[in-house]
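*Asks:* Sending over a structure as structure tokens; questions will come in a sec.
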Amino acid sequence: MRRHLPPADLARDARFVRTSIMESITDPRNRAIADRRLGPARLAPDRPAAADRARNLMHGIFMGELQALEGAGRTTFDFDDDEAPFALKLDMARQCWDEARHVEISVRLAEWMGTGIGEFAEATFLYEAACADDPVLRLCGVNRALEGLAIDVFNTMRAFGETAGDPVLAFCEDWMLADEVTHVKMGSDWLRRLTADDPERRERALEFQRTVDKLFSLGGFRGESDENPVRLARRLRELAGFTDEEMDEIAALADESRAEADARAGAASA
């Protein structure tokens, strides 16, 4: 089997439509909060186009779970034991089991919510973050940054299900949320173990994490105000190994990303 499989070679059938993550970020037409007349962009049943937005997010969750499965699986195979300890590979194999279950749950939830595979496009940035040639960078880019985002997204979707009176959605998101906290905690623990004697390597990995976190703030998609569709889940992130300083930094990156997106939207409408 080939090691270090590039994103272009991921197996997909005709249902999947691929797009660039940068297209979603830089196109102001894709930002539901660009028009201030719509009010706060938080995900709630009484907001404009709430059902469509929830289905879009659910499809994104499915794609994220599929790529997380692929990424964790690659980490179990791409590295020799001197690069990635066998115990780390066991944790990644356990994560594969979780992600496979999440894929199945997400497909059924998408059907429950009235959508299906391929209605919305797929961006492969999560898998791209899992293609780093250093396993520590993968742990920071995927387990800490993107699985950390999954904590925020699942927590938001759970609250949406509760508010909308959808016990199926709320229960499933709560079930997957518990796994995500475990996945992020594994990334936090292994980051510290693998870089205990190499602070430069740790800083490189954390800088990669900051890059991914800023990119996936998606111009205001994730943050701590009512104008952010997905809220930063501080308590759950704390359980997953994040410090207050790290969470403050993520919130600041989200504000910075939103300001940049507002500037782009203003330039596009000028």
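The values are calculated or read from the model by the stated rules, or taken from the named source; none is laboratory data. Model, not experiment: these values are computed from the prediction. FYI the Cβ positions are ideal-geometry reconstructions off the backbone, even for glycines, and counts take in every protein chain you see.
*Asks:* Residues to consider are GLU227, GLU245; find the one that is surrounded by fewer than 22 Cβ atoms within 10 Å (Cβ to Cβ) and in contact (Cβ under 8 Å) with a residue 60 or more places away in the chain.
*Replies:* After ruling out the rest, the residue left standing is GLU227.
*Asks:* Since ARG158 meets every condition but one in (1) more than 30 Å from ASP46 (Cβ to Cβ); (2) free of Cβ contacts under 8 Å to residues at least 40 places away in the same chain; (3) basic (Lys, Arg), which condition does it not meet?
*Replies:* If we test ARG158 against (1) more than 30 Å from ASP46 (Cβ to Cβ); (2) free of Cβ contacts under 8 Å to residues at least 40 places away in the same chain; (3) basic (Lys, Arg), just (1) comes out false.
The rows are residues; the columns are (1) surrounded by fewer than 18 Cβ atoms within 10 Å (Cβ to Cβ); (2) without any contact (Cβ under 8 Å) to a residue 12 or more places away in the chain; (3) aliphatic (A, V, I, L, M); (4) within 17 Å of GLY187 (Cβ to Cβ).
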| site | (1), (2), (3), (4) |
| --- | --- |
| ARG222 | no, no, no, no |
| LEU239 | yes, no, yes, yes |
| GLU249 | yes, no, no, yes |
| ASP255 | yes, no, no, no |
| ALA268 | yes, no, yes, no |
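*Asks:* Being closer than 27 Å to ARG94 by Cα, under 12 Å from the mean Cα position of the chain (by Cα) and buried (at least 17 other Cβ atoms within 10 Å of the Cβ) narrows it down to one of ALA170, ALA205, ALA129, so name that one.
*Replies:* Step by step, each of ALA170, ALA205, ALA129 is checked, and only ALA129 is closer than 27 Å to ARG94 by Cα, under 12 Å from the mean Cα position of the chain (by Cα) and buried (at least 17 other Cβ atoms within 10 Å of the Cβ).
Residues are listed down the side, and each one gets a yes or a no for (1) closer than 15 Å to GLU147 by Cβ; (2) at pLDDT below 95; (3) in contact with a Cys (Cβ under 7 Å, 6 or more places away or on another chain); (4) not in a helix (DSSP H, G or I):
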{"site": "LYS185", "(1), (2), (3), (4)": "yes, no, no, no"}
{"site": "TRP190", "(1), (2), (3), (4)": "yes, no, no, no"}
{"site": "GLU200", "(1), (2), (3), (4)": "no, no, no, no"}
{"site": "SER217", "(1), (2), (3), (4)": "no, yes, no, yes"}
{"site": "SER225", "(1), (2), (3), (4)": "no, yes, no, yes"}
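*Asks:* Just to verify a result, which residue in region 9-24, among those that are hydrophobic (A, V, I, L, M, F, W, C) and modelled with pLDDT under 90, is surrounded by the most Cβ atoms within 10 Å (Cβ to Cβ)?
*Replies:* Once the filter is applied, the top-ranked residue is ILE21.
*Asks:* Return only the number of the condition from (1) modelled with pLDDT under 95; (2) outside any loop (DSSP other than H, G, I, E, B) that ILE117 does not satisfy.
*Replies:* Failed condition: (2).
*Asks:* Given ASP98, ASP80, ASP52, ASP91, which one is among the acidic types (Asp, Glu) and at pLDDT below 90?
*Replies:* When all the criteria are applied, what remains is ASP52.
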